[in-house]
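Enquirer: Please find one structure pasted underneath; my questions will follow.
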Amino acid sequence: SKDKLWGGRFTQPTDKFVEEFTASIQFDKRLYHQDIRGSIAHARMLGKQGIIPMEDVEQIVHGLQQILQQIEAGEFDFSIALEDIHMNIEARLSAKIGEAGKRLHTGRSRNDQVALDIRLYLRDEIVDIATYLDLLIDALLGQAEANLDVIMPGFTHLQTAQPILFSHHLMAYVEMLTRDKGRMEDCLKRVNVLPLGAGALAGTTFPIDREYVAEQLNFPAITRNSLDSVSDRDFALEFLAASSILMMHLSRFSEELILWSTSEFRFIELSDGFCTGSSIMPQKKNPDVPELVRGKTGRVYGNLMALLTVMKSLPLAYNKDMQEDKEPLFDTIDTVKGSLKIFADMIREMRINGETMRRAAGYGFSTATDVADYLVRKGLPFRDAHEVVGKAVAYCVENEMDITDLSLAEWQLFSAKVDNDIFAAITVEASVNARNVPGGTARARVESEIRAAREGK
Ligand code: ARG
């Protein structure tokens with residue numbers, strides 16, 4: 001216990017397994033950069049306030065910069081006995097520069113220090129994730145622009161419903177991902193608040209200047225309650241929740257890509273680089289990437305549940321339970337960034353079988369609603385029109401034909417209001433372009449949505 005920074009009141013050494021069990025250095029070493037940056041800002045503030053001598057501040061800053069270089073060069077020996085990144089760095093600093101190093105922790109606790117480090121770390125990652133979202137949105141817009149002529153069947157209940165533009169379908173994902181970006185940016189507002197200065201839980205007796213630290217670390221605001229500052233992980237939960245929703249979107253999209261790649265659909269072909277073969281079945285080309293993204297959605301949901309459960313019932317203020325915040329957070333960051341990056345590349349390289357989609361768009365009585373709408377324009381109430389077309393569909397099923405195969409004479413068996421202009425009204429193009437309302441699938445609407453998205457609305 002002599003070598004522990006907190007060893008003063010202890011007489012017996014920590015059990016070896018307890019040491020390992022309670023340590024977080026294995027995973028929180030990721031925070032080294034934020035930890036050093038925060039300590040430098042803290043030390044400068046202590047010096048400016050006359051709490052520690054300026055000569056000490058210089059030594060501390062210099063020492064920390066050397067430690068940073070050592071870590072980045074892979075020359076730093078992390079020690080389990082020193083528990084976490086905060087004490088690993090502080091102990092090394094004191095070993096290097098002596099007395100001055102031991103003054104760094106004045107007016108600070110690991111509780112406000114760790115809250116600071118996570119916030120610094122997460123805010124950069126959120127900015128990164130927003131950039132990855134932009135890349136995926138850009139890939140989708142590229143495909144939407146390049147395939148404006150492609151008509152596909154739109155589905156409800158996974159049954160053919162009405163023809164839509166393939167670009168319209170892609171733009172639905174642009175909407176979802178744009179909201180995901182908004183959620184990330186919104187969460188960033190609450191991440192981006194300085195908790196340092198809360199001390200262990202109650203504040204500090206030293207005349208610190210929190211605003212000065214906030215300025216140095218680019219925080220637009222400081223936290224208002226010391227207890228909350230060290231025990232709040234809402235900001236991490238919000239990030240995990242936003243990430244879960246984002247992954248849910250990628251998972252839905254994955255499911256569609258997997259379905260569209262089957263030999264039954266053949267709507268798209270993923271490029272070889274994103275698929276793998278089978279060790280036994282020579283014909284196989286498996287869509288591993290979307291399958292894995294769909295699968296990884298589960299671990300991101302799990303991470304959200306893990307931290308929600310860690311935090312529930314925790315009394316104020318800091319509890320060691322909260323050390324369990326880091327792995328779910330880090331794992332989510334890695335998973336979301338990886339999934340977004342690979343998705344953007346995969347979408348960019350995806351090949352579209354426009355002919356197959358178009359053929360499928362005509363199957364399954366996809367323009368039946370258009371016939372009903374046609375009859376409404378001829379004066380029939382919609383419910384009656386629905387009934388008429390239903391009968392026509394039943395006739396087609398009976399005679400194994402498509403609704404577009406009916407002759408005018410056959411149409412007139414069902415309604416005298418049908419005329420020669422029916423044929424032009426029920427092509428898949430006419431069906432798509434007739435849906436010319438804001439948010440509809442008409443080509444002109446989709447084009448203007450793409451344009452709006454390109455211009456950032
Ligand atoms: N490693 C700790 C964590 O991640 C740092 C804070 C420890 N504070 C304490 N009082 N033990 O939560």
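The values are calculated or read from the model by the stated rules, or taken from the named source; none is laboratory data. Source: prediction; values computed, not measured. Backbone-built Cβ (ideal geometry, glycine too); neighbour counts: all protein chains shown.
Enquirer: Which one of the conditions (1) over 22 Å from residue 117 (Cα atoms); (2) within 16 Å of the ligand (Cβ to nearest atom) does residue 348 fail to meet, given that it meets all the rest?
Expert: Unmet for residue 348, out of (1) over 22 Å from residue 117 (Cα atoms); (2) within 16 Å of the ligand (Cβ to nearest atom): (2).
Enquirer: Please enumerate the residues belonging to segment 421-457 that are closer than 15 Å to residue 372 by Cα and either assigned to a loop (DSSP other than H, G, I, E, B) or without any contact (Cβ under 8 Å) to a residue 40 or more places away in the chain (or both).
Expert: 421, 423, 424, 426, 427, 434, 435
Enquirer: Is it true that some residue in segment 304-316 is closer than 20 Å to residue 249 by Cβ and away from the ligand (no atom under 16 Å from the Cβ)?
Expert: Yes, some residue in segment 304-316 is closer than 20 Å to residue 249 by Cβ and away from the ligand (no atom under 16 Å from the Cβ).
Enquirer: Working only within segment 192-212, note down all residues that are within 16 Å of the ligand (Cβ to nearest atom) and in contact with a strand residue (DSSP E or B) (Cβ under 6 Å, 6 or more places away or on another chain).
Expert: Listed by number, the list is empty, since nothing qualifies.
Enquirer: OK, next. May I ask you to verify whether residue 42 is surrounded by 22 or more Cβ atoms within 10 Å (Cβ to Cβ), away from the ligand (no atom under 14 Å from the Cβ) and under 33 Å from the mean Cα position of the chain (by Cα)?
Expert: So residue 42 fits the description; yes.
Enquirer: Out of all the residues in segment 282-322, which are among the polar types (S, T, N, Q) and within 23 Å of the chain's Cα centre (by Cα)?
Expert: Hits for segment 282-322 are 297, 303, 309.
Enquirer: Of all helices (runs of 4 or more DSSP H) completely enclosed by segment 318-420, which ones contain at least 3 residues that are crowded, with 19+ Cβ neighbours inside 10 Å and among the aliphatic types (A, V, I, L, M)?
Expert: 326-349, 354-362, 368-377, 382-398
Enquirer: Note down all Cβ pairs under 8 Å where the first residue falls in segment 322-334 and is on the phi < 0 side of the Ramachandran plot, the second is polar (S, T, N, Q) and within 12 Å of the ligand (Cβ to nearest atom), and they're at least six residues apart or on different chains.
Expert: Taking only residues 6 or more apart or on different chains, the pairs are 322/231; 323/24; 326/24.
Enquirer: Read through the list (1) in contact with a helix residue (DSSP H, G or I) (Cβ under 9 Å, 6 or more places away or on another chain); (2) away from the ligand (no atom under 16 Å from the Cβ); (3) of a type in the set (Gly, Ala, Ser), then give the number of the only condition that residue 79 fails.
Expert: Looking at each condition in turn, residue 79 falls short on (2).
Enquirer: Could you check residue 70 against (1) buried (at least 19 other Cβ atoms within 10 Å of the Cβ); (2) without any contact (Cβ under 8 Å) to a residue 60 or more places away in the chain; (3) touching a Phe, Trp or Tyr at 6+ places or on another chain (Cβ under 8 Å) and say which number it fails?
Expert: (1)
Enquirer: OK, next. In the set 123, 119, which member is away from the ligand (no atom under 16 Å from the Cβ), more than 30 Å from residue 166 (Cβ to Cβ) and buried (at least 19 other Cβ atoms within 10 Å of the Cβ)?
Expert: Exactly one residue qualifies, and that residue is 123.
Enquirer: Another question about this same structure. Restricting attention to segment 126-134, does a residue exist that is of a type outside the set (Val, Ile, Thr), closer than 25 Å to residue 215 by Cβ and in contact (Cβ under 8 Å) with a residue 24 or more places away in the chain?
Expert: Taking every residue of segment 126-134 in turn, at least one turns out to be of a type outside the set (Val, Ile, Thr), closer than 25 Å to residue 215 by Cβ and in contact (Cβ under 8 Å) with a residue 24 or more places away in the chain.
Enquirer: In this structure, does residue 270 turn out to be in the same structural domain as residue 186 (by TED's automatic domain parsing) and under 30 Å from residue 22 (Cβ atoms)?
Expert: No, not satisfied.
Enquirer: With respect to the numbered conditions (1) within 27 Å of residue 214 (Cα to Cα); (2) touching a residue at least 40 places away in the same chain (Cβ under 8 Å); (3) surrounded by 13 or more Cβ atoms within 10 Å (Cβ to Cβ), which one is the sole condition not fulfilled by residue 79?
Expert: (1)
Enquirer: Say whether the condition of being among the small types (Gly, Ala, Ser) and surrounded by fewer than 21 Cβ atoms within 10 Å (Cβ to Cβ) is met by at least one residue in segment 188-197.
Expert: No, the conditions are met nowhere in segment 188-197.
Enquirer: When you check residue 363 against the structure, is it within 16 Å of the ligand (Cβ to nearest atom) and either modelled with pLDDT of 95 or more or farther than 20 Å from residue 146 by Cα (or both), yes or no?
Expert: For residue 363, the condition - within 16 Å of the ligand (Cβ to nearest atom) and either modelled with pLDDT of 95 or more or farther than 20 Å from residue 146 by Cα (or both) - is not met.
Enquirer: Condition first: acidic (Asp, Glu) and either within 16 Å of the ligand (Cβ to nearest atom) or crowded, with 22+ Cβ neighbours inside 10 Å (or both). Now tell me which residues in segment 84-116 satisfy that.
Expert: Matches in segment 84-116: 84, 90, 112.
Enquirer: Checking the condition touching an Asp or Glu at 6+ places or on another chain (Cβ under 6 Å) and in contact (Cβ under 8 Å) with a residue 40 or more places away in the chain, which residue from 163, 195 passes?
Expert: 195
Enquirer: Give the number of residues within segment 429-441 that are within 31 Å of the chain's Cα centre (by Cα), within 21 Å of residue 359 (Cβ to Cβ) and of a type in the set (A, V, I, L, M).
Expert: Total satisfying the criteria: 0.
Enquirer: Could you please give the count of residues in segment 222-250 that are surrounded by fewer than 21 Cβ atoms within 10 Å (Cβ to Cβ) and closer than 30 Å to residue 357 by Cα?
Expert: Qualifying residue count for the region: 3.
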